[in-house]
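Structure, as structure tokens:
The values are calculated or read from the model by the stated rules, or taken from the named source; none is laboratory data. Predicted model, so just to flag it, every value in this text is computed and none were measured. We place every Cβ from the backbone using ideal geometry, glycine too, and count neighbours over all the protein chains shown. Just so you know, the surface numbers come from the protein's heavy atoms only, side chains and all, with ligands and any DNA or RNA stripped out. Shrake-Rupley method; radii C 1.70, N 1.55, O 1.52, S 1.80 Å.
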Amino acid sequence: MAPKHQFSLPPQAKKPKKPRRTPASRPEETSASPNLPKEEKQQQEAIEHIDEVQNEIDKLNEQASEEILKVEQKYNQLRQPFFQKRSELIAKIPNFGVTTFVHHPQASALLGEEDEEVLHYLTRVKVTEFEDSKSGYRIDFYFDENPYFENKVLSKEFHLNESGDPSSKSTEIKWKSGKDLTKRASQTQNKASRKRQHEEPESFFTWFTDHSDAGADELGEVIKDDIWPNPLQYYLVPDMDDEEGEGEEDDDDDEEEEGLEDIDEEGDKDEGR
């Protein structure tokens, strides 16, 4: 079963070449039909010239794509030392990774309680774009030793296969005995789905095994384009549960104050009798 949120690859390095536009009448056809009305001949000639101009525009668009790709590659290399420094600093903050994912609106929707427990062992996330950045990327999750699986690194890679179509592959998770959350989530849903009003999401770790539609893998895109560029913005998001709790306490305080005011007013009335 595919995850609820699926993720798409970036566009290919070069856009498919657009088919050459075919005017209603080619030059040789026009010249072979000298008896066409003058107005129609002018329209045919205009269409042919439009097609020629459009082909020049398409050539410039292709050149622009190539130049943009070179600029992206250049700045991707320049960013690497800063990404490395940021990873070193993040490593000093306990639970930075799990907090970031829990606070992200889309990523958090994929996390069950046990997924969050596993992510407490997450030390860092790294995104590597391939040299031809439009052809794919890899996401690496680094973990401390934990009671769930043997792997130190879990990776998922998105690339273009030989036919040019998006595809993906990932690390096989070496689950410890009885700790496979992907199987446990499936069994739990089958047994208790009728009893649960709010069903737990499918395990986050099923994402590593799902390669059904690499071209529409939304989680990969969210991590690459949103979380990875600036994880701090999500780490610093206030905890909504805490905010709701504070709001409830404020409501309780307001109710208590109103109750005290009512008592005081009744006391004043009794004294005035």
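Give me the strands (runs of 3 or more DSSP E) completely within region 132-178, filtered to those with at least 2 residues that are open to solvent by 50 Å² or more (accessible area, probe 1.4 Å) and closer than 15 Å to I223 by Cβ, ordered by residue number. In region 132-178, the matching strands (runs of 3 or more DSSP E) lie at 136-143. Whenever a residue of region 48-73 is closer than 29 Å to D225 by Cα, its partners that are of a type in the set (A, V, I, L, M, F, W, C) and surrounded by 12 or more Cβ atoms within 10 Å (Cβ to Cβ), lying with C-beta atoms within less than 9 angstrom and at least six residues away or across chains, give the pairs S65/A13; E66/A13; L69/A13. Among the helices (runs of 4 or more DSSP H) confined to region 1-105, the ones with at least 3 residues that are over 30 Å from L232 (Cβ atoms), modelled with pLDDT of 95 or more and of a type in the set (A, V, I, L, M) are located at 38-90. Count of region 45-68 residues, restricted to those that are among the hydroxyl-bearing types (S, T, Y) and open to solvent by 80 Å² or more (accessible area, probe 1.4 Å), is 0.
Looking for something under 16 Å from D140 (Cβ atoms), in contact with an Asp or Glu (Cβ under 9 Å, 6 or more places away or on another chain) and modelled with pLDDT of 90 or more - is there at least one such residue anywhere in region 177-188? So far as region 177-188 goes, no, none of its residues is under 16 Å from D140 (Cβ atoms), in contact with an Asp or Glu (Cβ under 9 Å, 6 or more places away or on another chain) and modelled with pLDDT of 90 or more.
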